[in-house]
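The values are calculated or read from the model by the stated rules, or taken from the named source; none is laboratory data. The model shown is predicted, which means the values in this text are computed figures rather than measured ones. Note: ideal-geometry Cβ built from the backbone for every residue, glycine included; neighbour counts use all protein chains shown. Each accessible area value is taken on the protein alone, full model and side chains, heavy atoms only, with ligands, DNA and RNA left out. Shrake-Rupley method; radii C 1.70, N 1.55, O 1.52, S 1.80 Å.
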Amino acid sequence: MKFPRRTFLHLAVGAAALPALPRIARTQAYPSRPVRIIVGFPAGGATDIQARLMGQWLSDRLGQQFIIENRAGASGNIGTEAVARAPADGYTLLQIVTPHAINSALYSNLSFDFIRDIAPVICAARLAYVVVVHPSVPATTIPEFIAYAKANPGKINYGSAGPGTPQNIACELFKMMAGVNLVHVPYRGGAPATTDLVGGQIQVIFSPVSESIQHIKAGSLRALAVTTAARLDVLPDVPTMADFVPGYEASGFAGIGVPRNTPADIIDMLNKELNAGLADSKIRARIVELGGTVLGGSPAAFGTILSDATEKWARVIKSAGIKVE
């Protein structure tokens, strides 16, 4: 399954050939009314928090309200469909997160094509997962955990927010690369999985940092590694998985997209303003608290991130035989 980068690059600059004077007039008028940022997940989670951070920044900078609209369901597909069908006028944005790069390999009956129908604007942050175990697990490092898992094949349960979620595929990638047999226990969301991990009903989760960091600090969960290529400022003493499993990397991302054919001048304006927001110390600090690494950059750079992630996770999903109901 191939998802060419050129598709994203084309979408990011597709309106560049429009006449110059209409572009200038449109830029001066935009935004002339409130703008919606569609978040395909419930309010209160890390995805929602980041969208509200950037929405407030845009509201303050551009003089119109950027309103967060939560359309949760189907791993973000309901919200994505709403944006794909919206007018390409800059007044409907999509908060893009890791599941958007996963879903095309999981769902065969989608009414939209994410690559074709959503144009990238900016990748705000890389997001880390942290491998956390219940304190009863006799391992304080990844090598010890791998040894323990190999000595107990099929007896260690890992939780996730459901089949095909980032927690699921991040652990499946680990299983392949480390050669271990862990049993998947899917939940309806990350919160109940974390609750059962704290209670000892399961043994390990590849958890979003925002869902587990307080438990790590309290000592009710033990952190073994982070899944990003570099250590995190919020967990500076926790090594990376790649320190022990060479080549392993399973970071997520958060960013903004728009319907295809959105005028290039509007994409450029949003990209410029959001890059300015990511340079703000308060916004940067909040993203770091959520387990993110601030990125920013061009629409084309985000397109590359999306195409690379889509190809990578499609291979993992196929190899692991992951399916959704």
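Here is a check on your reading of the model: is Ala242 among the hydrophobic types (A, V, I, L, M, F, W, C), more than 25 Å from Asn168 (Cβ to Cβ), open to solvent by 10 Å² or more (accessible area, probe 1.4 Å) and without any contact (Cβ under 8 Å) to a residue 40 or more places away in the chain? Against the criterion (among the hydrophobic types (A, V, I, L, M, F, W, C), more than 25 Å from Asn168 (Cβ to Cβ), open to solvent by 10 Å² or more (accessible area, probe 1.4 Å) and without any contact (Cβ under 8 Å) to a residue 40 or more places away in the chain), Ala242 does not qualify.
Being at pLDDT below 95, open to solvent by 10 Å² or more (accessible area, probe 1.4 Å) and under 28 Å from Ile283 (Cβ atoms) holds for only one residue in Ser108, Ser75, and it is Ser75.
Report whether or not Phe41 is open to solvent by less than 30 Å² (accessible area, probe 1.4 Å), in a loop (DSSP other than H, G, I, E, B) and not aliphatic (A, V, I, L, M). No, not satisfied. Of all residues in region 174-206, those satisfying the criterion of being buried (at least 16 other Cβ atoms within 10 Å of the Cβ), in contact with an Asp or Glu (Cβ under 9 Å, 6 or more places away or on another chain) and not in a loop (DSSP other than H, G, I, E, B) are His184, Val185, Gly190, Ala193, Thr194, Ile205.
For region 207-229, a residue qualifies if it is farther than 28 Å from Gly154 by Cβ, touching a residue at least 12 places away in the same chain (Cβ under 8 Å) and open to solvent by 60 Å² or more (accessible area, probe 1.4 Å), and exactly one does: Ala229.
Scoring Ala276 on the criteria (1) buried (at least 20 other Cβ atoms within 10 Å of the Cβ); (2) part of a helix (DSSP H, G or I) leaves a single failure, condition (1). Assessment of region 297-319 against the conditions (touching a Leu at 6+ places or on another chain (Cβ under 7 Å), among the basic types (Lys, Arg), open to solvent by 70 Å² or more (accessible area, probe 1.4 Å) and under 23 Å from Pro208 (Cα atoms)) yields no matching residue.
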